[in-house]
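Visitor: Would you mind keeping the following structure in view while I ask a few things?
The values are calculated or read from the model by the stated rules, or taken from the named source; none is laboratory data. The structure displayed is predicted, hence computed values, not measured ones. Glycine also receives a Cβ, built like all others from the backbone with ideal geometry; neighbour counts cover every protein chain displayed.
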Amino acid sequence: MSATAPDPESPPSLASFGEFGGRFVAETLMPAVEELAREWPIAWADEAFRAEYSRILAEYVGRPSPLTPAPRLAAAIGGGEIWLKREDLNHTGAHKINNCVGQVLLARRLGKTRIIAETGAGQHGVATATVCAYFGMPCVVYMGAEDVARQALNVFRMRLLGAEVHAVHGGAATLKDAINEALRDWVANVADTHYVIGSVMGPDPYPVMVRELQRVIGDEARAQCLDRLGRLPDAVVACVGGGSNAMGIFAAFVDDPEVALIGVEAAGEGLEGRHAATMSRGEVGVYHGMRSLVLQDDDGQLQEAHSISAGLDYPGVGPEHAFLRERGRARYLAIDDEQALAALRLLSQTEGIIPALESAHAIAALEQLTRELGPEAKILVNLSGRGDKDMHTVMGRLDAESLALVERARTRHERAGEGAP
Amino acid sequence: MSGQAQPPSEREGRIGACFARCRAEGRAALVGYLTGFDPDRAASLEGLIAACEAGVDVLELGVPFSDPAADGPEIQAAMVRALAAGATLERVLELAAELRARFPELPIVLFSYANPLLSGARREPAGVAGFCARLRQVGVDGLLVVDLPPEEAAILREPARAAGLDWIALCAPTSPGPRRERLVRHASGFVYAVSLTGVTGAALDASSPALHAQLDDLRGRTELPICVGFGVREPAQVAALAPGVDGVVVGSALVRAAREGPEALRGLVASLRAATSRGAS
């Protein structure tokens, strides 16, 4: 028997995005993943399913979310025209709920009676718990013990909404360990349970399914840009952890070659230190059901990610981002903790919008982009979530001294403004 | 391999020869799992030797991975301990080489996840084919990679088979008939029947009719030896399973016993091995 000859019956690899993607899961899960891959496109093509999804997004989530011009932010960073896609105004305060509504609808269609999810910052967990409460379904959320401590308010929210929150102590006790634990639960309860993955990651079809369920952001924003700007923006900017808000907004512009797509990942304490910059520093690996870029050592062990933003604190990234980067269709910048904090403060004080620390990474990239694209550039930013959940973290970092500095700067600015005609 | 009294046949290798031997002895093989480097190199080697001396017929040697999502808490903790003790793929292969020198006929199956193995293959100057050839030279007989289902396995399976390594396929209770057909078609060495819908170390009812129906179904689909594992921890479970299979896999329970020391491990292995006789039930 010649094992070297290609086996004509060998099933093809399921890579969805060039060499990236695939279904790298335990055999026990394969039938469930296959069922999703089979049923998802049918559901998504079903007008009744789409109508119910859209109805809930309108009546319950509050879509469409507005497009807000940010002239004072633009002036503060040196020009350009900046438009914010306001996902922070969605019910539950972030883009995550768009995906949860779609996946829970799909789970119900497939006859699943129990929902599980993982969460890092807690936003996906809150969104999943919310949608489960809306439909009256039991919900279990896995969350790293470290994140449970950092995000106590969101843990309480989830419990108030009726979800069970399980603190995961294994590994680094952060998002990746919560995903491992959710996968274990799914393996054990696959017959009646649907796993609502919160980003464009995991085994096929999740990266495609979550992108499609988030592309409402891009579809709305594209139409809003044509309406308000009279043309497409020059660049679309979004933060990237797993990458769902970015894929959601990119999806509508990916076929518009004149629109630059910019993802912003977390450089944490700096690219030479602890960070979560998978696109800048990751290598190809197989992890959490997919082949993508991951932060790993030479021996293929996952490295701990770090970011001040729990939602970006993940050592992997959705495979479609790896693919878009490889094709040169999107590029990725890295913003560190300090820059993100400064951007959070800047947007708060120039526009009266307190962004999530995740979204603050996208804001922080605007100065560089405005320099590159010139003062006439029109830039669309996905403001993926609001900052309420981060106030505790931000309070700890913005000490009295730096707040006093901000105060002095603001006073100077106001005095200068008084003298103007 | 030149010094062996009875070199395993080219076709079957050590794994096939071992199952044939066990069959002739009227018993199921005891397949034992331990994580390399748990809790450190020296204690791990001591435990591995104790387990093999006490009656493990086929060794599953675990290469630790930081994120073992298909494993339960016992094996996850073992992998964390091993990595903390400096485990790497190369160092676990050194353990395999030492075991090979000491136990020339022992089938050694490397158990791991895709990423550590594919990283090893990427580092290899001669690529994945060279990597597999080197595994074979070190004395490894087969690979068991839990997150490489047949759709994704070709990248490693084909070079492994070409190098003379067996490719152990996992078959789950949830795998439907056509899938089982496909799984066994791509397997060699043995087929690993996952006993329960869950992770390693979960509670198993070894007399469950559904499990025995699953094993019977697999038996009808392949000539390969069939081993059953996940949740097997006691001699009584081994005795209940042995008549219907070619091998019984014990993992988490060995990992737990190894933490108590080589004597506890030796005792557990001996009692499990005694229960493998088909006449015992």
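Visitor: Restricting attention to the stretch B:132-145, report how many residues are surrounded by fewer than 24 Cβ atoms within 10 Å (Cβ to Cβ) and within 21 Å of A:Asp297 (Cβ to Cβ).
Guide: Residues meeting the conditions: 1.
Visitor: Further question: B:Ala239 - would you say it is under 17 Å from B:Pro39 (Cβ atoms) and free of Cβ contacts under 8 Å to residues at least 60 places away in the same chain?
Guide: Criteria not met by B:Ala239.
Visitor: Would you mind finding the one in A:Asp256, A:Asp298 that is charged (D, E, K, R), more than 9 Å from every other protein chain (Cβ to nearest Cβ) and touching a Lys or Arg at 6+ places or on another chain (Cβ under 9 Å)?
Guide: From the options A:Asp256, A:Asp298, the qualifying one is A:Asp256.
Visitor: Of the conditions (1) β-branched (Val, Ile, Thr); (2) within 22 Å of the chain's Cα centre (by Cα); (3) away from chain B (no Cβ under 14 Å), A:Thr113 clears all except one; give me its number.
Guide: Checking A:Thr113 against (1) β-branched (Val, Ile, Thr); (2) within 22 Å of the chain's Cα centre (by Cα); (3) away from chain B (no Cβ under 14 Å), the one that fails is (2).
Visitor: Would the stretch A:292-299 turn up any residue that is of a type outside the set (Asp, Glu) and within 26 Å of A:Arg231 (Cβ to Cβ)?
Guide: No, the conditions are met nowhere in the stretch A:292-299.
Visitor: A further question on this structure: Please go through the stretch A:163-182 and give me each residue that is within 12 Å of chain B (Cβ to nearest Cβ) and at pLDDT 90 or above, ordered by number.
Guide: Listed by number, the residues that qualify are A:Val168, A:His169, A:Ala178, A:Ile179, A:Asn180, A:Glu181, A:Ala182.
Visitor: A:Pro205: touching a helix residue (DSSP H, G or I) at 6+ places or on another chain (Cβ under 6 Å), modelled with pLDDT of 95 or more and within 14 Å of chain B (Cβ to nearest Cβ), yes or no?
Guide: Spelling it out, A:Pro205 is indeed touching a helix residue (DSSP H, G or I) at 6+ places or on another chain (Cβ under 6 Å), modelled with pLDDT of 95 or more and within 14 Å of chain B (Cβ to nearest Cβ).
Visitor: If you take the residues of the stretch A:195-233 that are surrounded by fewer than 24 Cβ atoms within 10 Å (Cβ to Cβ) and small (Gly, Ala, Ser), which of them is nearest to A:Leu324 (Cα to Cα)?
Guide: A:Ala223
Visitor: Then there is this: Of the residues that make up the stretch B:98-109, is at least one within 12 Å of chain A (Cβ to nearest Cβ), touching a Gly at 6+ places or on another chain (Cβ under 7 Å) and either surrounded by 20 or more Cβ atoms within 10 Å (Cβ to Cβ) or within 23 Å of B:Ala253 (Cβ to Cβ) (or both)?
Guide: The answer is no; no qualifying residue exists.
Visitor: Further question: Need at least 2 residues that are within 14 Å of the chain's Cα centre (by Cα) and in the same structural domain as A:Phe250 (by TED's automatic domain parsing) per element, so show me which helices (runs of 4 or more DSSP H) inside the stretch A:317-369 make the cut, counting only ones lying wholly within it.
Guide: Correct list: A:319-327, A:357-364.
Visitor: Give just the number: which of (1) part of a helix (DSSP H, G or I); (2) of a type outside the set (A, V, I, L, M); (3) surrounded by 23 or more Cβ atoms within 10 Å (Cβ to Cβ) does A:Arg55 not satisfy?
Guide: Among (1) part of a helix (DSSP H, G or I); (2) of a type outside the set (A, V, I, L, M); (3) surrounded by 23 or more Cβ atoms within 10 Å (Cβ to Cβ), A:Arg55 violates only (3).
Visitor: B:Ala187 - would you say it is outside any loop (DSSP other than H, G, I, E, B) and not aromatic (Phe, Trp, Tyr)?
Guide: In short, no.
Visitor: Sticking with this structure for a sec: Quick one: in the stretch B:157-199, which of the residues that are at the interface with chain A (Cβ under 10 Å from one of its Cβ atoms), buried (at least 21 other Cβ atoms within 10 Å of the Cβ) and polar (S, T, N, Q) is nearest to the chain's Cα centre (by Cα)?
Guide: Applying the filter and picking the extreme gives B:Ser188.
Visitor: Look through A:Tyr332, A:Tyr314 and report the one residue that is buried (at least 24 other Cβ atoms within 10 Å of the Cβ), aromatic (Phe, Trp, Tyr) and on the phi < 0 side of the Ramachandran plot.
Guide: A:Tyr314
Visitor: Looking at (1) over 25 Å from the mean Cα position of the chain (by Cα); (2) modelled with pLDDT under 95; (3) surrounded by 14 or more Cβ atoms within 10 Å (Cβ to Cβ), which one does A:Leu29 not meet, given that it meets all the others?
Guide: (1)
Visitor: In addition: Which count do you get for residues in the stretch B:218-250 that are part of a helix (DSSP H, G or I) and farther than 20 Å from B:Ala24 by Cβ?
Guide: 5
Visitor: Kindly indicate which of B:Glu60, B:Glu105, B:Glu98 is part of a helix (DSSP H, G or I) and farther than 22 Å from A:Gln303 by Cβ.
Guide: That would be B:Glu98, the only listed residue that is part of a helix (DSSP H, G or I) and farther than 22 Å from A:Gln303 by Cβ.
Visitor: Any residue in the stretch B:126-147 that is within 8 Å of chain A (Cβ to nearest Cβ) and either closer than 26 Å to A:Pro31 by Cα or over 17 Å from the mean Cα position of the chain (by Cα) (or both)?
Guide: Looking for residues that are within 8 Å of chain A (Cβ to nearest Cβ) and either closer than 26 Å to A:Pro31 by Cα or over 17 Å from the mean Cα position of the chain (by Cα) (or both), one finds at least one in the stretch B:126-147, hence yes.
Visitor: Further, regarding this structure: Please work out which one of (1) buried (at least 24 other Cβ atoms within 10 Å of the Cβ); (2) away from chain B (no Cβ under 14 Å) is the condition A:Ala305 fails and give its number.
Guide: Every condition holds for A:Ala305 apart from (2).
Visitor: Looking at (1) within 19 Å of B:Ala169 (Cβ to Cβ); (2) at the interface with chain A (Cβ under 10 Å from one of its Cβ atoms), which is the only condition B:Arg123 fails?
Guide: Of (1) within 19 Å of B:Ala169 (Cβ to Cβ); (2) at the interface with chain A (Cβ under 10 Å from one of its Cβ atoms), only one is false for B:Arg123: (1).
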